[in-house]
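Reading through the structure tokens given below for one structure.
The values are calculated or read from the model by the stated rules, or taken from the named source; none is laboratory data. Computed from a predicted structure; not experimentally measured. Positions of Cβ are generated from backbone atoms using ideal geometry, with glycine treated the same way; all protein chains shown enter the neighbour counts. Heads up: the accessible areas ignore ligands, DNA and RNA and are worked out on the full protein's heavy atoms, side chains in. Shrake-Rupley method; radii C 1.70, N 1.55, O 1.52, S 1.80 Å.
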Amino acid sequence: MIRVAVVGTGGIAGICHLPALAAEAARTRVVAAVDVDADRLAAFCAEHSIPAAYSDLDAMLDAERPDLVHICTPPFLHAEQVVACLRAGAWVWCEKPLCLSLAEYDAIAAAEGPDGEGPYASVVFQHRFGSGARHLRELTDKQTLGRPLVALCNTTWYRPPEYFEVPWRGRWDTEGGGPAMGHGIHQMDLMLSVLGDWEEVRAMAGRLDRDVETEDVSMALVRFTSGAMGSVVNSLLSPREESYLRFDYSDATVELRHLYGYSNADWSSASPHWRPGEDLPSSHAAQLAALLDAHQRGERPPVSGNEARRTLELVTALYASALTGQPVRRTDLTPDHPFYARMNGGLSL
């Protein structure tokens, strides 16, 4: 049995993580939960029959020695908590964003061990794991649809002004960014999982209608190593919400329309090769199953290491281009780059 602890007992833990763990009850057991809100923690443990409750992460790690820790806290806490878990010998599955900068990401990578042999930290990017995305990656890898040429990646969501009344939202130092960092990052990660490495970004960002430090809208053009080109829109101002991805190959177009998760019915293509087979929805459960498989094999889990860093690099480049007005290449993002340590590079919109 893989012994699991949950850190942060808010909505995402109860709505997404505990059901995913319940689906894996044959090989996981939740042994503890951690939260600074005593009442919420007590209610969470009672609802989910969790035997041990802690207000302090280090105390839990010392007493319980979990194999896997789910981090479900606000973004500004992630890096420190992930590193603490890794140093205690636990694998980590952390809600996005894993951290607030490439500097923090590299600190997490260093905590995975001197030779990168684990324990490992993986980030929640569940949209990679539905059967539609898996099928598209297989077709792309085999060039069954021809060469990838054009991609559209739109996260047009809506968050009312009161959403930002939560103190850590809409601030560079606590959320790391706006919809590019906290919302559209899911679709951008899915796009990258299909199209692979990127080389250059040209972007704009604006604070159009919400009282925040960060952007509430961003747009970017992306050039991939393959030569393909993509456009990205991230918005929290769109009353008709949609997550939309379109992949144009030389021989076919594949589209995905959904909101917060998809099934096979949300994908479409006229290609005779489009046959995703089993209908596995994108979900925390789908990604957790893959992570647990890797844990049992002692292998690096999906969406960790360089693979997950690539997505954070894309978001970093988007902000760097938007705030400086200059194109940004992936090779520019070295430790001496002004946006390596902070997503806004110390600049304001």
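Here are the numbers for the structure shown:
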quantity	calculated
Residue in region 224-246 that is within 26 Å of PRO161 (Cβ to Cβ), aromatic (Phe, Trp, Tyr) and in contact (Cβ under 8 Å) with a residue 60 or more places away in the chain present	yes
Strands (runs of 3 or more DSSP E) enclosed by region 187-292 - at least 1 residues per element that are of a type in the set (Asp, Glu) and open to solvent by 50 Å² or more (accessible area, probe 1.4 Å)	198-206, 237-249
Helices (runs of 4 or more DSSP H) completely within region 15-87 that count 3 or more residues being crowded, with 18+ Cβ neighbours inside 10 Å and within 24 Å of the chain's Cα centre (by Cα)	18-23, 75-87
Conditions (1) open to solvent by less than 60 Å² (accessible area, probe 1.4 Å); (2) in a loop (DSSP other than H, G, I, E, B); (3) among the hydrophobic types (A, V, I, L, M, F, W, C): number failed by LEU347	(1)
Pick from region 1-14, criterion hydrophobic (A, V, I, L, M, F, W, C) and closer than 23 Å to GLU80 by Cβ, ranking: most open to solvent (accessible area, probe 1.4 Å)	ILE12
Close pairs from region 21-34: first under 11 Å from ILE50 (Cα atoms) and touching a residue at least 12 places away in the same chain (Cβ under 8 Å), partner surrounded by fewer than 19 Cβ atoms within 10 Å (Cβ to Cβ) and among the polar types (S, T, N, Q), Cβ under 9 Å, at least 6 apart	VAL30/SER49; VAL34/SER55
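The rows are residues; the columns are (1) farther than 20 Å from ARG310 by Cα; (2) among the small types (Gly, Ala, Ser).
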{"position": "ALA33", "(1), (2)": "yes, yes"}
{"position": "ILE50", "(1), (2)": "yes, no"}
{"position": "ARG65", "(1), (2)": "yes, no"}
{"position": "CYS72", "(1), (2)": "yes, no"}
{"position": "ALA110", "(1), (2)": "no, yes"}
